[in-house]
1. When you check Thr155 against the structure, is it within 30 Å of Ala24 (Cα to Cα), β-branched (Val, Ile, Thr) and surrounded by 10 or more Cβ atoms within 10 Å (Cβ to Cβ), yes or no?
2. Out of the residues in segment 27-50 that are outside any helix (DSSP H, G or I) and not aromatic (Phe, Trp, Tyr), state the one that is nearest to Arg101 (Cα to Cα).
3. Ser235 fails exactly one of the following numbered conditions: (1) modelled with pLDDT under 90; (2) among the small types (Gly, Ala, Ser); (3) assigned to a helix (DSSP H, G or I). What is the number of that condition?
4. Loosely packed, with under 11 Cβ neighbours inside 10 Å and without any contact (Cβ under 8 Å) to a residue 40 or more places away in the chain: is that true of His119 in this structure?
5. Which of the following residues is out of contact with any Gly (no Cβ under 7 Å at 6 or more places or on another chain), in a helix (DSSP H, G or I) and at pLDDT 90 or above: Ala165, Ala205, Ala209?
Amino acid sequence: MASERGQQASLTPLPSVEELPTLADGGFDPERVKEAFESFRRHTTQLQVQLRVLQAAARSGQVEPTGHAVRMDALHMIRAAADMADTIERDAQTASAAQFRRTEEDVSRRQRALQEREHEVERFRQESERQRAEILNAARNEAREAQAEAQRHATAEIREAEARASRLLEQARHQATELTNSARAEVEQTLEWARAQASAVMARAQEGAEQLLAAAGLGDRLFGRRRRSFLARRSFPAGVGRTAALCPGSR
């Protein structure tokens, strides 16, 4: 019994699940898990060594292992293996749950980023549409203002041209009136001059005829008839007066 207690005391103590520190995400510390596996490996190795020692002692006949000790060692190993399997399963479940949560968080974060990106794109599109509408409205307003300004300038130029045309027409009418009056005055002066010249010529002709008749000794009757016929021919037509006016050298 003393040797059995010494063998059990020399075994490496097995770690428990409560001794393993946990992380913030719910899993165990990887370094401590490695140390726990290493402790189980050393404990298993020590048990194998003790089993070989007991088997060798049984063959030599020096020590006879009791069935109770063998059963206790086997139960201890089975319990340790079951605890280790439970720990590994819980750790795997915890790690998978943590990984699943991290995956869900990553997917949610990516979805939120995608939604934010879509919202940003939508805001950018709306802002672009608003700016395009503002630019289009500004261009339309500028075009309307330019058209109205052009129409005002055209109307002003048309009015100015009409005013200039009216002034030129009035000046032309005034000049035409002046020219007409001047030509009429010149024609009247020419007619007066022609009439005066014709009267002078007729007077000289009458005087010459009277002198000739007196020298010829004709009577008063013949002289009177000649005088009346001569006076009847004094009225010249308009063409004769104009010809005399155009040809003043005919005097």
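1. no
2. Gly27
3. Result: Ser235 fails condition (3) only.
4. yes
5. Only one candidate passes the filter, namely Ala165.
For (1) among the small types (Gly, Ala, Ser); (2) more than 30 Å from Leu54 (Cα to Cα); (3) at pLDDT below 90, each residue gets a yes or a no:
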| position | (1), (2), (3) |
| --- | --- |
| Ala69 | yes, no, yes |
| Ala95 | yes, yes, yes |
| Glu122 | no, yes, no |
| Glu129 | no, yes, no |
| Glu145 | no, yes, no |
| Glu157 | no, yes, no |
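The values are calculated or read from the model by the stated rules, or taken from the named source; none is laboratory data. Nothing here was measured: the structure is a model prediction, and the numbers come from that model. Cβ sites come from the backbone with ideal geometry, for glycine too, and all protein chains shown count toward neighbours.
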